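Enquirer: Shown below is the structure under consideration.
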Amino acid sequence: MAATVSDRLLDWYDRHARELPWRARPGEPAPDPYRVWLSEIMLQQTTVAAVKPYFEAFTARWPTIGQLADASEDEIMAAWAGLGYYSRARNLVKCARMVAKLRSFPTTEKGLRELPGLGAYTAAAVAAIAFEQRAVVVDANVERVVARLFAIETPLPAARSTIRTCADEVTPETRAGDFAQAMMDLGATVCTSRDPKCLLCPLVDTCQGLAQGNPARLPVKAAKKDRPVRRGEAYWIERDGAVRLVRRPSKGMLGGMRALPDDGWAARNDGSGHRPAAGVWTPCGTVRHGFTHFEIELSVLRLEMPLQPGGEGEWWPIAELDAAGLPTLFAKAARLAVA
Ligand code: SF4
């Protein structure tokens, strides 16, 4: 089965590979490791469509990893704003500086694992795609394809080690990068989550999930727990066409990002309701935003302020708010306050 799967899949990939700005065409020399690494970090928990404009903006502004390493953390965090999961951006800075010091990326999966922000999946993907090293590359798309191909009934996440073993079994010794990307493409375009297009699939004859009749039910997922909801307040304080922004503490939720002042909801589960200034606050509404482990319901309150409040922060021109690099939660809150 293994040779059949890899041969058919590579043959399919030669004709149907997606064109993506960080990729080489099938069979072409591997792309710059910097571009592979950057795209893989950006794609963690994020869609291709959302990543494309960020990838293009980053590589236009910082065409090499050396130039990225020389940029300030502030510039990089601001350029990352809106892409979410901000710990990735902080690790991006650390990793770029480490690679610049080493003068090049390590070329093995093991060496890549030593870099900040590279877990098992990303190290395997970069090793395979940038360095043509045989590596077992399993992201969510590959997980779905393999669970169906081998009709794995164990629910996720317990099925992960079996899925990895099966993925290892079908991974060929050559064309490592093309094979990894072929699996990803098959999962993204043919073996899709709800509606697998089995008639178009190069693996149709070998797929055990299809042979059993209903591959879309695989992989089996453990029942989801509801995410808890936290509540808090964010404060829009305005004076002379400028809004008060603060820098969040470097450790913790949205660490190091510019934001509206808030009541400390991130540290306390629910906010204290402590407002940064006395005055007549006008409620502007509520924004809701999902993080990995909880949802936040943030009430936005507005105050026109004749005097500067004490404490940390800066006045930021409202007309240039797009350049502040607010994370999505606070960008939503800002939109509500100015509506
Ligand atoms: S035959 Fe269908 S279920 Fe099986 S791998 Fe192909 S698309 Fe997925």
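The values are calculated or read from the model by the stated rules, or taken from the named source; none is laboratory data. Since this is a predicted model, take the numbers as computed values, not measurements. For neighbour counting, all protein chains shown are included, and Cβ atoms are generated from backbone atoms with ideal geometry for every residue, glycine included.
Enquirer: Conditions: (1) modelled with pLDDT of 95 or more; (2) more than 10 Å from the ligand (Cβ to nearest atom). Asp240 meets all but one. Number of the miss?
Expert: (1)
Enquirer: Please find, among Leu260, Leu254, Leu245, the residue that is away from the ligand (no atom under 16 Å from the Cβ), on the phi > 0 side of the Ramachandran plot and buried (at least 19 other Cβ atoms within 10 Å of the Cβ).
Expert: Residue meeting the stated conditions: Leu254.
Enquirer: Which is surrounded by 20 or more Cβ atoms within 10 Å (Cβ to Cβ) and closer than 28 Å to Gly290 by Cβ, of Leu218, Leu156, Leu186?
Expert: Leu218
Let's see how each residue does on (1) assigned by TED's automatic domain parsing to the domain that holds Trp22; (2) more than 13 Å from Asp139 (Cβ to Cβ); (3) within 16 Å of the ligand (Cβ to nearest atom):
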{"position": "Ala158", "(1), (2), (3)": "yes, yes, no"}
{"position": "Ser161", "(1), (2), (3)": "yes, yes, no"}
{"position": "Cys166", "(1), (2), (3)": "yes, yes, yes"}
{"position": "Arg175", "(1), (2), (3)": "yes, yes, no"}
{"position": "Ala188", "(1), (2), (3)": "yes, no, yes"}
{"position": "Leu199", "(1), (2), (3)": "yes, yes, yes"}
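Enquirer: Is it true that Ser6 is at pLDDT 95 or above, crowded, with 18+ Cβ neighbours inside 10 Å and within 21 Å of the chain's Cα centre (by Cα)?
Expert: When the stated conditions are applied, Ser6 does not pass them.
Enquirer: Next question. Of all residues in segment 56-75, count the ones that are surrounded by fewer than 20 Cβ atoms within 10 Å (Cβ to Cβ) and assigned to a helix (DSSP H, G or I).
Expert: Result for segment 56-75: 12.
Enquirer: Right, Ala267: within 26 Å of Pro327 (Cα to Cα), assigned by TED's automatic domain parsing to the domain that holds Trp316 and in contact with a Phe, Trp or Tyr (Cβ under 9 Å, 6 or more places away or on another chain) or not?
Expert: So Ala267 does not fit the description; no.
Enquirer: Regarding Leu210, is this residue hydrophobic (A, V, I, L, M, F, W, C), within 16 Å of the ligand (Cβ to nearest atom) and surrounded by 15 or more Cβ atoms within 10 Å (Cβ to Cβ)?
Expert: Taking the combined requirement at face value, the residue satisfies it.
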